[in-house]
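Structure provided below as structure tokens; questions to follow.
The values are calculated or read from the model by the stated rules, or taken from the named source; none is laboratory data. These numbers come from a predicted model, not from an experiment. Here Cβ is always computed from backbone atoms with ideal geometry, including for glycine, and neighbour counts include all displayed protein chains. Just so you know, the surface numbers come from the protein's heavy atoms only, side chains and all, with ligands and any DNA or RNA stripped out. Shrake-Rupley method; radii C 1.70, N 1.55, O 1.52, S 1.80 Å.
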Amino acid sequence: MDDLTDLVAHARHVRARAYAPYSRYAVGAAIRADDGSIHVGCNVENAAYPEGLCAEAVALGAMVAAGRRRLVAVAVAGGDAETPPTPCGGCRQKLMEFAAPGAEVAVADGENGPIRRMRLDALLPGAFGGGGGE
Ligand code: THU
């Protein structure tokens, strides 16, 4: 079984490029598409705070821009080992739009801490639409 270690490594790597001068909370994300390709993103904040972009949304945009529309796994890296970032509500909905059945989410700190994994559909019970990027 895929332990998602490589995807977490990509998320940790891109986290270094986060633009987070307001929260000082750097996040990296990596998405594996159904063809095995990996697409990364980091959070990109803005002086108008609500305009900031989450790492997951940036990675998702990169995937779609690369021509892929189905994700099988997402890794998110940031914070500390006790409280790594799980995708926010808005990102759960964004990710679900393109999620393959059984798509997984792996969360981890920015260093070498343990990886926690969960299913995306468990993070968004009763989801409105989405699934598969059809
Ligand atoms: N953030 C993400 O990019 N992904 C998450 O999963 C949680 C939060 C960002 C948004 C904001 O730039 C900063 O982390 C603090 O909330």
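Residues to consider are G113, G126; find the one that is assigned to a loop (DSSP other than H, G, I, E, B), surrounded by fewer than 18 Cβ atoms within 10 Å (Cβ to Cβ) and within 16 Å of the ligand (Cβ to nearest atom).
Residue meeting the stated conditions: G113.
I'm checking my understanding of the structure. Among residues of the range 1-20 that are part of a loop (DSSP other than H, G, I, E, B) and either within 10 Å of the ligand (Cβ to nearest atom) or of a type in the set (D, E, K, R) (or both), which one is most open to solvent (accessible area, probe 1.4 Å)?
R17
Here's the yes/no breakdown for (1) modelled with pLDDT under 95; (2) not β-branched (V, I, T):
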site	(1), (2)
V74	no, no
A77	no, yes
D80	yes, yes
G89	no, yes
K94	no, yes
F98	no, yes
N112	yes, yes
I115	no, no
R119	no, yes
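Next up: Name the residue, out of G90, G52, G67, that is away from the ligand (no atom under 15 Å from the Cβ), out of contact with any Lys or Arg (no Cβ under 9 Å at 6 or more places or on another chain) and not charged (D, E, K, R).
Working: G90 fails: away from the ligand (no atom under 15 Å from the Cβ); G52 fails: away from the ligand (no atom under 15 Å from the Cβ).
That would be G67, the only listed residue that is away from the ligand (no atom under 15 Å from the Cβ), out of contact with any Lys or Arg (no Cβ under 9 Å at 6 or more places or on another chain) and not charged (D, E, K, R).
Please find, among G36, G28, G67, G41, the residue that is open to solvent by less than 50 Å² (accessible area, probe 1.4 Å), on the phi > 0 side of the Ramachandran plot and not in a helix (DSSP H, G or I).
Result: G36 is the single residue among G36, G28, G67, G41 that is open to solvent by less than 50 Å² (accessible area, probe 1.4 Å), on the phi > 0 side of the Ramachandran plot and not in a helix (DSSP H, G or I).
Residues A81, A47: which one is surrounded by fewer than 19 Cβ atoms within 10 Å (Cβ to Cβ), within 13 Å of the ligand (Cβ to nearest atom), in a loop (DSSP other than H, G, I, E, B) and among the small types (G, A, S)?
A47
In addition: Does the range 50-63 hold any residues that are more than 14 Å from the chain's Cα centre (by Cα) and either closer than 16 Å to A29 by Cα or open to solvent by less than 40 Å² (accessible area, probe 1.4 Å) (or both), and which are they? Show your work before the answer.
Narrowing the range 50-63 to residues more than 14 Å from the chain's Cα centre (by Cα): 50-52.
Result: G52, single match.
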